[in-house]
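The values are calculated or read from the model by the stated rules, or taken from the named source; none is laboratory data. All of these numbers come straight from a predicted model, not from anything done at the bench. In this analysis, Cβ positions are derived from the backbone assuming ideal geometry, glycine residues included, and neighbour counts consider all displayed protein chains. Only protein heavy atoms, including side chains, enter the accessible area calculation; ligands, DNA and RNA are left aside. Shrake-Rupley method; radii C 1.70, N 1.55, O 1.52, S 1.80 Å.
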Amino acid sequence: MKLTFWGAAGQVTGSMHMLKLDSGYTVLIDCGLDYENRDDFEANNRYFPFMPEDIHLVILTHAHIDHSGNLPNLIRQGFKGQILCTDPTVELAKNLLLDSLNVQRIESNRKNSARKSRKKSKRPAKSEQIATLYTKHHIELTHDAMVGIQFNRVFEVNDQLTIEFFPAGHILGAASVKLTVKEHGQTKSVGFTGDLGNYNSKLVVDPHAMPGLDYLITESTYGGRMHLHTSNAENLMLKYIEDTCVKYKGKLVIPAFSVGRTQSIIFTLNQLHTKGLLPPVKVYTDSPLAIKTTRLYTEFIEQLNDEAKTFFKANGKLFTFPNLYTIDEDFDSKMVSAMPEPAVIISAAGMVEGGRIQEHIRHNIGDAYSTILIAGYCAEGTLGAELLKGRPSVSINKKERQVYAKIERTDAFSAHPDQEGLMKYLEASDYKKLKQIFLVHGDPDSLTKFKERIGLDSAVIPEMEQEFTL
Ligand SMILES: [Zn+2]
């Protein structure tokens, strides 16, 4: 069989790996959007480096767009098979794909009007306009093609191939997948971690290692570093709220991804509230996608960790408490930011690229009593990364803004393990016995440092489009 890396090789986004059996049966593992460089979005995502109709089966590890976001395009271009994933992923992916389509629409309108003004003519001809990669119809077809299968059950695809999902932590429904292939009288197993979660995360279970593998493809997002300030999420949130909202009457603005991080933060605040420790400050969540996702987290509560289930049993709810408000109108969104009273504002997206969070940052960045708390990974070039550099000013919507608000960072809500966590996972995978360990889903620095830490010749960093015979 042959394994080819079509995405997330030497970079974080665009996960897409292909396993082709010698019989010709071809499986695509994840089909994510590559958004390493906003200007290359079209070139990197519109066409596939293979014929979509030649793929027999897709396995989707989890709903995040860098793993699922190009599936409707794959269907648009001829893929006719099934997409295997977990039940929560079926529902989460639909919401995320619709949100992604919306972002694509905004972005293509922006590019089309920029071209229009450059050309100093009327609208570019229809054939010249940049269109979205797919439409709502293709998202519906994607949803119809998805088949939910359970964790820890061997699923027989055909005489040659079985697959099994293992809980990966990370976000609701996230799976690692083990593919066992019988060919030429031999049996070989290939595991792909998908995105792993942190050990002892809020809400989600710890990642489960896959037993009996010959090959492992592992994510390496934080392969090069250790997490900061992770000790106790509740104490940490309490400290930020007291320091910012109680002491200085300022706003605590938290950029957070709508799927996973927002729910972890709200749950932590609810835990504080239940213990009577949460100060009487209003908390706003400002992301329609986060609201839908929060509903799904409650619906699939049996898949969450014991801490969440015990809390639910005792309190009957995970994500509601008296001072929590959700905003789903743009108008409210602007009003909240402009209000003089102290508040906690949790809004998307986590890297502070576009979305409503950018408005909240713009409103509060000049206020020395406010704090912006970066709670996750920020890719180079994003506003989040710029804020973390501690610059005296940053550019928001092409306008330079002085930074007076405090900029803080925490990894307490990180959805990925750090280097130690990844090594713990590898230990549980008996990694020294593996024939090869492929390191993907990391920037070049993280990949190199992770490879050094593993210290084995079997650890390889595949290049984009590189093919391996297993
Ligand atoms: Zn992910």
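A simple rule links phi to the HN-Hα coupling: the Karplus curve 6.51 cos²θ - 1.76 cosθ + 1.60 with θ = phi - 60°, which for segment 460-470 gives 10, 9, x, 8, 4, 6, 6, 10, 10, 9, 9 Hz, with x for Gly and Pro.
Our estimate of slack between Y248 and R225, defined as 0.36 nm per intervening residue step minus the Cα-Cα distance, is 4.9 nm.
Could you order the peptides 159-172, 84-97 from most to least packed, using the average number of other C-beta atoms within 10 Å per residue?
Ranked from most to least packed, the peptides come out as 84-97, 159-172.
Derived scalar couplings between HN and Hα for segment 205-211 equal 6, 5, x, 9, 6, 9, x Hz in order, rounded to whole Hz, by the Karplus curve 6.51 cos²θ - 1.76 cosθ + 1.60 (θ = phi - 60°), x for Gly and Pro. Summarising the amide proton neighbourhood of T86: residues at separation of 5 or more, or on other chains, whose placed amide H is nearer than 5 Å comprise I149. With all protein chains kept in place, the per residue accessible area of the chain amounts to 43 square angstrom at a probe of 1.4 angstrom.
How do 429-435, 289-295, 129-135 rank on mean C-beta neighbours within 10 Å, highest first?
So the peptides 429-435, 289-295, 129-135, ranked by packing, come out 289-295, 129-135, 429-435.
Of the accessible area of segment 1-69, computed with a 1.4 Å probe over protein heavy atoms only, carbon and sulfur atoms account for 48 percent.
Using only alpha carbons, segment 233-409 has a radius of gyration to Kirkwood radius ratio (Rg to Rh) of 0.96. Evaluating 6.51 cos²θ - 1.76 cosθ + 1.60 at θ = phi - 60° for every residue in segment 422-434, the Karplus couplings come out as 5, 5, 4, 5, 5, 4, 5, 8, 6, 5, 5, 8, 6 Hz, glycine and proline recorded as x.
Here the spin labels are modelled as points 7 Å beyond Cα on the Cα-Cβ line, and at I106 and S395 they lie 1.9 nm apart.
Would you mind checking segment 178-196 for residues with the amide N under 20 Å from a putative spin-label position 7 Å along Cα→C-beta of N152? Label zone hits: 178-180, 191-196.
On the accessible surface of segment 339-470, probed at 1.4 Å, how many percent belong to carbon and sulfur atoms?
C and S atoms contribute 48 percent here.
Annotation: peptides 234-242, 335-343, 182-190, 15-23, ranked by per-residue average of other Cβ atoms within 10 Å with the highest first, follow the order 15-23, 234-242, 335-343, 182-190. For R115 and Y199, FRET efficiency with R0 = 60 Å and r from the beta-carbon atoms, rounded to 0.05? Rounded to the nearest 0.05, the efficiency is 0.80. Near the amide H of T61, within less than 5 Å, lie the amide hydrogens of D30, all on another chain or at least 5 residues away, with H placed in the peptide plane. D367 to F312: FRET efficiency via 1/(1 + (r/R0)^6), r the Cβ-Cβ distance, R0 41 Å, to the nearest 0.05? The pair D367/F312 has a calculated efficiency of 0.65. Distant-in-sequence amide contacts of G7, defined by a placed amide H-H separation under 5 Å and a gap of 5 or more residues or a different chain, comprise M16, E465.
Among the listed pairs K275/K317; K202/K249; K136/K292, those with a Cα-Cα distance over 21 Å are K202/K249.
Loop-located chymotrypsin sites (Phe, Trp or Tyr not before Pro) across segment 36-88 with a Cβ neighbour count of 16 or fewer within 10 Å are Y47, F50, with loop assigned by DSSP.
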